[in-house]
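Participant: Pasting a structure below so you can have a look.
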Amino acid sequence: MPIVPALETVIILQDLDLMIAEVNDAQSSKTIADMGFNIDNLDKLESARKELLEKLDDSILRLYNRLSRRYSHRVVPVQNNICLGCFMTQPTRFTDTGNTQLRTCQSCNRILYKI
């Protein structure tokens, strides 16, 4: 099932944002370092994030930023017509389109992808 490029981009952007947040959090950084992982590449993460931002349409970026103020996970899966962010049922037409369009939850407005 092909994923629309904008959806793929926001999924990667969310992953980068979560990694940057972990590196910036003192307790998470210590835990990661204690496990033996190198966390000195914050500049590379931020550079990759900047490149992704240039690829996104302004309307999608505004939605993503608005969701960022409210949720740590802005992009969530939908399974069996249920948003796994807020657990509300979505219209059946969502399963008809799959991941060919960028969809949002009718309840929490998070960006959805079908699994």
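Participant: Restricting attention to region 98-115, and to residues there that are closer than 13 Å to Pro77 by Cβ and touching a Pro at 6+ places or on another chain (Cβ under 8 Å), which single residue is modelled with the lowest pLDDT?
Facilitator: Per the criteria, the residue is Asn99.
Participant: Need pairs with beta-carbon distance below 6 Å; first residue under 14 Å from Asp17 (Cα atoms) and surrounded by 10 or more Cβ atoms within 10 Å (Cβ to Cβ) and within region 29-46, second modelled with pLDDT of 85 or more and not charged (D, E, K, R); sequence gap 6+ or separate chains.
Facilitator: As it stands, the answer is Leu42/Val23; Leu45/Leu16; Leu45/Met19; Leu45/Ile20, since those pairs meet every condition given.
Participant: Please determine, by comparing only the residues of region 2-54 that are of a type in the set (Asp, Glu) and either touching a His at 6+ places or on another chain (Cβ under 9 Å) or farther than 15 Å from Ile111 by Cβ (or both), which one is modelled with the lowest pLDDT.
Facilitator: Asp40
Participant: Would you check if there is a residue in region 79-88 being surrounded by fewer than 17 Cβ atoms within 10 Å (Cβ to Cβ), at pLDDT 85 or above, part of a helix (DSSP H, G or I) and more than 15 Å from the chain's Cα centre (by Cα)?
Facilitator: no
The values are calculated or read from the model by the stated rules, or taken from the named source; none is laboratory data. Owing to the predicted nature of the structure, the values given are computational and were not obtained by experimental measurement. Neighbour counts run over all protein chains shown; Cβ positions are idealised from the backbone, glycine included.
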